[in-house]
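These notes concern the structure reproduced below.
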Amino acid sequence: MKESWQTFLKRVGTKDGKLRWLFWLGLAGVMLIALSEWLPMGSEPEPATSLVLSERQVEQALEQRITTLLSSVEGVGRCRVLVTLESGTQTVYAADTRIASDAAGQTTDTTFLRVETDTGPVGLKLTELQPTIKGVAVVCEGGGNPAVCERVTQVVTTAFQISQRRVCVVKQN
């Protein structure tokens, strides 16, 4: 056996390039597989869905929807809407939190619970908190009319379930 291994290594070292490349590629593949088993998993859970919207994309979608709605309100005319978010969409994952107290103080250890899927482990999603709207600004042709301003404010506050102080309606130039 020792002789066959030595002859194999001699052949790899010769000018037979195909065998040399095959040997080194195989060895590299085995090393990568072994290395992947030793690397720790990330501590942050990955989202279960691939559809993740940025805060700006959410704001733009809300602006477009309320603009379409307001343009059909009597007296509004052409309008532009700006929506600002206080917070974006937040996903809440299940976690196991352990609190330990000793003479030195209190320590907290949090471990996210994971579920095994076809694509690997993902965080166990408990709920998804919808974005919170900070304010809405509406600039429209009918913004100089108090009755139009009142209707626009009612539409926006009802659609977004926010208070009237978070809505500003002004006349467009």
Legend entry - Filter result (hydroxyl-bearing (Ser, Thr, Tyr) and in a strand (DSSP E or B)) within segment 80-95: Thr84, Ser87, Thr91, Tyr93
Legend entry - Top-ranked residue of segment 112-127 - restricted to ones that are open to solvent by less than 80 Å² (accessible area, probe 1.4 Å) and either touching a strand residue (DSSP E or B) at 6+ places or on another chain (Cβ under 8 Å) or aromatic (Phe, Trp, Tyr) (or both), ranked as nearest to Ser71 (Cα to Cα): Thr127
Inset, instruction - Report yes if some residue within segment 86-99 is touching a residue at least 40 places away in the same chain (Cβ under 8 Å), closer than 28 Å to Ser54 by Cα and open to solvent by 70 Å² or more (accessible area, probe 1.4 Å); otherwise report no. - result: yes
Legend entry - Candidates Gln130, Gln154 - the one that is under 29 Å from the mean Cα position of the chain (by Cα) and open to solvent by 70 Å² or more (accessible area, probe 1.4 Å): Gln130
Inset, instruction - Just need a number here: residues in segment 133-142 that are free of Cβ contacts under 8 Å to residues at least 60 places away in the same chain and open to solvent by less than 70 Å² (accessible area, probe 1.4 Å). - result: 2
Legend entry - Sole exception among (1) touching a Ser or Thr at 6+ places or on another chain (Cβ under 7 Å); (2) at pLDDT below 85 for Leu124, by number: (1)
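The values are calculated or read from the model by the stated rules, or taken from the named source; none is laboratory data. The shown structure was predicted, so the numbers you read here are calculated from the model rather than taken from an experiment. Every residue, glycine as well, gets a Cβ built from its backbone with ideal geometry; the counts of neighbours run over all protein chains shown. Areas reflect the complete protein model, heavy atoms only, side chains present, ligands, DNA and RNA absent. Shrake-Rupley method; radii C 1.70, N 1.55, O 1.52, S 1.80 Å.
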